[in-house]
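Notes follow once the structure below has been shown.
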Amino acid sequence: MSSLVYGSQSIDLAHLPTAHGEAVFAGAYRTEVSDFVVTEDLGFEPAGTGPHLWALIRKRGLSTEEATSRLAHLAKTSRKDLGYAGKKDTHAVATQWISLPETAVIEEGVVDESLEVLRLTRNQRKLKIGQLAGNRFEIRLRGSVIGDLEERIQSIATEGVPNYFGLQRFGRSGSNLEAARRFARRDPAGRRRLHPKDGMAASAARSAGFNTIVAARLRQDQWLEVTVGDVVALAGRGSHFMVSDSELESVRERIVTGDLDPTAPMAGRQTKTSIEQAAFECSILKTDPELFAWMSGVFRDEERRAVRFMPKQLEAEVSAHTLELSFWLPKGSFATALFNELGNLQEAHARAAS
């Protein structure tokens, strides 16, 4: 049995319901490293002065962890003193910022065939996880158009995409989710404090629950439905609020225009929504009693996450056996969730998840 399940439900993208219908493209992604290009968008420019050195790097076929380890060795400093806003895809060409301490010794230029320092500047603070606006993607999919691709691209651009977590969140072959289950079996009530290194396992469990709830909303044709007491989020931001009776009509209109999104929980003991919405979500989370009980102990407060993301600047160009896509996504969103709305695309670079 696959480890990528929550209760009896698969949380693998290939088995989750879509918002826009049958496949319109059949093929693969990541056939070549250069087929997947990611450029980080911090949403601001480094100050240019300050005690922290910031390096804009380009990595090719390299994980962010390995890139920072190489930079630390090169700069003669400790790896723990380096900072980054988020991990970028390994089998890709990715550009992102890395912060280093003032004592770092580093220059612009090629480090090796997989890593290059494009620019150096300074800032007042170390770069921290989550300190970015989003990412720009340039993707080449290889395969064939099998449906109305133009209509699908338009639907995705105007209505958005289910904000599912991709396989990366669950670890290679679901290893992060399996680790969460081991913790849950040893500590069913979730009373033990987790070590920071176990955070990925806990996050995988919450993400699996989230995917299951979003899938249920889609199966019930209530993906973007809200009512009084539901919690909605400002699109692309973390702030959210509970819908009042007087706001309901305007909130629904703002969901249609993409200004607001319904939300679903990253599980915790204390809910942040109405009794009615919490009851629906809890009934789904309880379908995996082992993980539900453990998460309820580990996390005091739930977090709310938008059930949809809206890709920006989405463009598509079809040629002989390829589909070229370019788009911008807000932080925390997965490009593979967008691919899922085109068809069940296979990852050519053989890896279950990482």
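The values are calculated or read from the model by the stated rules, or taken from the named source; none is laboratory data. These numbers were taken from a predicted model, which means no experiment stands behind them. Cβ placement follows ideal geometry from the backbone for every residue including glycine, while neighbour counts extend to all protein chains displayed.
Please tell me if Ser239 is in the same structural domain as Glu276 (by TED's automatic domain parsing), at pLDDT below 95 and of a type in the set (Ser, Thr, Tyr).
So Ser239 passes the test.
For (1) under 22 Å from the mean Cα position of the chain (by Cα); (2) under 21 Å from Pro330 (Cβ atoms); (3) part of a strand (DSSP E or B), each residue gets a yes or a no:
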site	(1), (2), (3)
Ser203	yes, yes, no
Arg206	yes, yes, no
Phe210	yes, yes, no
Ile213	yes, yes, no
Leu218	yes, yes, no
Val228	no, no, no
Val232	yes, yes, yes
Gly238	yes, yes, no
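Which strands (runs of 3 or more DSSP E) does the stretch 247-345 wholly contain that include 2 or more residues that are touching a Leu at 6+ places or on another chain (Cβ under 8 Å)?
Ranges flagged: 260-266, 312-319, 322-330.
With respect to Val111, is the statement that it is modelled with pLDDT under 95 and either in a strand (DSSP E or B) or surrounded by fewer than 20 Cβ atoms within 10 Å (Cβ to Cβ) (or both) true?
So Val111 passes the test.
Residues checked against (1) assigned to a loop (DSSP other than H, G, I, E, B); (2) surrounded by 18 or more Cβ atoms within 10 Å (Cβ to Cβ):
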site	(1), (2)
Ala14	no, no
Glu22	yes, no
Gly27	no, yes
Pro46	yes, yes
Lys59	no, yes
Glu65	no, no
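Name the single residue that is nearest to Lys87 (Cα to Cα) among those in the stretch 29-44 being part of a loop (DSSP other than H, G, I, E, B) and not aromatic (Phe, Trp, Tyr).
Here the answer is Leu42.
Given the residues Ser34, Ser69, Ser78, Ser10, which is the only one that is within 20 Å of the chain's Cα centre (by Cα) and of a type in the set (S, T, N, Q)?
Ser10
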